[in-house]
Every structure is written in C-alpha cells, then in structure tokens.
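The values are calculated or read from the model by the stated rules, or taken from the named source; none is laboratory data. Not measured: the values here are computed from a predicted model. Positions of Cβ are backbone-derived with ideal geometry, glycine not excepted, and every protein chain shown enters the neighbour counts. Remember, those area values only see protein heavy atoms, side chains included, never the ligands or the DNA or RNA. Shrake-Rupley method; radii C 1.70, N 1.55, O 1.52, S 1.80 Å.
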Amino acid sequence: MSAAAQITLAVVALGITFWVVRLVGLRRLRSKYALLWLVITVPLVPLAVFPAIVDEAGKFFGVNYAPALLFSLSSLLLLGIVIHYSWELSRLESRTRRLGEEIALLNARLDDAERADDGEGET
Amino acid sequence: MSAVAVIPAFNEEAPLGDVLAEIAEIDGLVPVVVDDGSSDGTAGVARNAGVACVRLPFNLGVGGAVRTGLRWALDHGAETVVIIDADGQHDPADVAALLAAIDAGAGLAIGSRFAADAGDYAVGATRRRAMRILNRLVRTTTGFAATDATSGFRAMSRPVVEYLACEYPVEYLADTVEVIILVRRAGHEVVEVPVSMRERAGGVPSARRFRLAFNFLRLLVGIAGGVLVGRRDGGRP
Ligand SMILES: Nc1nc2c(ncn2[C@@H]2O[C@H](COP(=O)(O)OP(=O)(O)OP(=O)(O)O)[C@@H](O)[C@H]2O)c(=O)[nH]1
Ligand SMILES: [Mg+2]
C-alpha cells in the first residue's frame, strides 16, 4: 500500500470515528449504534498504519491474496450490521403497532367514560 | 405536592407490596409506580395499595421507566424526587437523609452503600471491580469522588428533574453513571449520602451483569461524546 493510500485510510477512519462520537455527544446517535460503527472504523487505523498485519493474517489463514481476507471480513461485518438493523426495525414496527392499539383503546375508554358522565348528568 | 417517590418496577409483584407499605409511612411522600411493561401483577399490587401507577406499553428498561416517572413528577408539581427500587433493596428509612441533602442545596443526592459510614453490603468480586472502575471514571471526568456511582437510590431537586426529564440517558449504566456527569456539567451540586442496602426482598435479580462489557463500552462512547461536544462549545452541557 502506498504512503498516500495509508494516510488517506487512516485519516478517513479517524475522521469517521470522531464524527460518530460527536454525534453521540450531540444526542443525534444512540451509543449502541455508534459502537457498531466504531467496531469497524477503530481497527482500520492500525491496519492503515501497519498494512503488514493484513499480510500476516493472510499467511495465518492460508489465503494467498491477503486483501481478500479484508474484503470478506468487512462484508461479513456489514452483513451483520444490516441483519441487526432488520431486527431493530421489526422491534420498532411491533412497538409502533402496540402504540397505535394502545391509543385506540385509550380513546375507546375515554369515550366510554364521557358517555357515562353524560348519562349521569341526564338522570 | 412536595416530594414524589418514583418506583421503577419490572415484574416485581412479590416485593412491591411491602416496599409500598414502607413508603406509605413517610409523611408527605407521594409514590408513583412505573410499571415497565411487566407481565405479572405488578400494576395490580400498586392499584390495591392505592398508589398511582404509570403503565408503559412495553419494557423500556430502568432508565426509560425512571424518565417516565420524572415526567409524571413534574406534571404533578413535585419539588423533589426520590427514586426507589421496587425490589426492596433500598431502605425507605434512608429517604429522609437523601431529601435533607437536597434541602441543603444539592441538586443530586446519591445513596451510597460503600460510603465510609454506610451499612455492610456484599457484592461479587467481578461486580465490585466493575463498580470501582465506574467510580474512578466519574472521578476523572468530573472530579466528584463517587463511591457508588451505579446506585439507583437517589434524590434530586426540581431543577435537576426538569433538566433530566428531557436529557435522561436511558441505557443501562448510563442511566446511573452518565447522569452524574451530566448533572455536574450542568452546574448542579452532587453529593453522596451513606445508606444501607438490603438483599432484594423477592423477584428475580437482573442478569444484566452478563452484558456488562458491552454496556461499559457503550457508556464510554457516550461519555466520550459528551466530552468531545462539551469541549467544542466551551463546557456548556
Ligand atoms: N432488571 C430490570 N429492572 C427494571 C426494568 N425496568 C424497571 N426496573 C426496575 O428497576 C429497579 C432496579 O432493577 P434491578 O434489576 O433490581 O437492578 P439492580 O438493583 O442494579 O440489580 P440486582 O442486584 O440484580 O437487584 C427495580 O425496581 C426493577 O423492578 C427492566 O427493564 N429490567
Ligand atoms: Mg435491585
């Protein structure tokens, strides 16, 4: 990897890390999601500085084209994140449905209560 | 209404009755149970005791339940709020000392089971170590020498309740530890009051300690975010 590529990767990884942490501080991002992204960006920094790590890992796993290891790893991580999102979405969906039901039932109870009040007034 | 006792409860039908009976003995303290989506008879126990019960439609976690309770307290004109666990671990006899600290001018008073003259309380080695790390975290970020940063037994003044009702971090650990940091940074005084905590009187202890590492990292990210933003805009909360 060229020095320029190394520096670019390190700067981008650090930049995203700071941006994500800052979003948490501004309360625009929940810390659990931030953690998800930091798991990816933080290890990128040492990788950018010492690209030899990738080659060593390639040798260890017996992969002849070491960067392929990096690609598979990152797609796996991204896949994991996307699956996690569908899980969160499903949870959110069922919660919004619950909230809708809850409000409808509360409205019905309110109507009942108001009707009972009116009834009392007339007698 | 002067003081409200917020009691977060998640499946605590067994110990809740006794806790409410003890709290009823305290003059001028209005209890509210926040039923955090329990699947047992928690809400029924509160209703039978004639205590206000806010029922959440689903489980929001301790932090979410407390936050709901704080908003109820504001709606009902509370001057001070004390948070008491529903599992009987917090001794209502200590409420007076917590409220006295608030009357003396503190914004947040934390009941510490490890303060110099607190009662004995046994915790597992791992948990104790984690607690020590969290105390140190609070000390290095705020200068406040916490001895029990994760204690949920607390009292707060109305200004702090107003601040926290919209800022309260709902994640586990953040709901106790980060709150201290937020309150300090918002310029309020934080003090500790020695209390004696008891074994839980029934119900199931939380298994949350198994997720401690994840929660710890999450807390660190949250605090780091606060520090980063705080510095950028000149220490404003
Ligand atoms: N575990 C748990 N407790 C909740 C929740 N929502 C509200 N609570 C209440 O929050 C209070 C504190 O919870 P505990 O599980 O006792 O937490 P703890 O005292 O730190 O831990 P233990 O030593 O296991 O008792 C209790 O009154 C619970 O009923 C929730 O989602 N999970
Ligand atoms: Mg407890």
Do we have any residue at all in segment A:45-55 that's in contact (Cβ under 8 Å) with a residue 40 or more places away in the chain, open to solvent by less than 40 Å² (accessible area, probe 1.4 Å) and within 30 Å of B:GLY226 (Cβ to Cβ)? yes
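Scan the helices (runs of 4 or more DSSP H) fully inside segment B:125-202 and keep the ones with 2 or more residues being within 14 Å of ligand 1 (Cβ to nearest atom).
Fully inside segment B:125-202 and qualifying: B:125-142.
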Answer from B:ASP18, B:ASP94, B:ASP75 - the residue that is away from ligand 1 (no atom under 11 Å from the Cβ), out of contact with any helix residue (DSSP H, G or I) (no Cβ under 8 Å at 6 or more places or on another chain) and farther than 27 Å from B:ALA174 by Cβ: B:ASP18
For segment B:55-66, indicate whether the set of residues that are at pLDDT 95 or above, crowded, with 24+ Cβ neighbours inside 10 Å, within 8 Å of ligand 1 (Cβ to nearest atom) and farther than 25 Å from B:SER196 by Cβ is non-empty. no
Of the conditions (1) exposed (fewer than 11 other Cβ atoms within 10 Å of the Cβ); (2) hydroxyl-bearing (Ser, Thr, Tyr); (3) modelled with pLDDT under 95, A:TYR33 clears all except one; give me its number. (1)
Working carefully through the options A:ARG91, A:ARG95, find the one that is open to solvent by 40 Å² or more (accessible area, probe 1.4 Å) and either away from every other protein chain (no Cβ under 14 Å) or under 27 Å from B:ILE223 (Cβ atoms) (or both). A:ARG91
Sole residue being touching a strand residue (DSSP E or B) at 6+ places or on another chain (Cβ under 7 Å) and β-branched (Val, Ile, Thr), chosen from B:VAL45, B:VAL32: B:VAL32
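Which residues, counting only those in segment A:29-80, are among the β-branched types (Val, Ile, Thr) and in a helix (DSSP H, G or I)? Let's see the steps before the verdict.
Let us first name the residues in segment A:29-80 that are among the β-branched types (Val, Ile, Thr), namely A:39-42, A:45, A:49, A:53-54, A:63.
Selection gives A:VAL39, A:ILE40, A:THR41, A:VAL42, A:VAL45, A:VAL49, A:ILE53, A:VAL54.
Residues of segment B:70-124 being of a type in the set (Lys, Arg) and more than 26 Å from B:GLU162 (Cα to Cα), which ones? Show your work before the answer.
As a first pass, look at segment B:70-124 and keep what is of a type in the set (Lys, Arg): B:71, B:113.
Correct list: B:ARG113 only.
Yes/no per residue for (1) more than 16 Å from ligand 2 (Cβ to nearest atom); (2) away from chain A (no Cβ under 14 Å):
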site: B:VAL81; (1), (2): yes, yes
site: B:VAL95; (1), (2): yes, yes
site: B:TYR121; (1), (2): no, yes
site: B:ALA130; (1), (2): no, yes
site: B:LEU137; (1), (2): yes, yes
site: B:THR142; (1), (2): yes, yes
site: B:THR150; (1), (2): no, yes
site: B:VAL170; (1), (2): yes, no
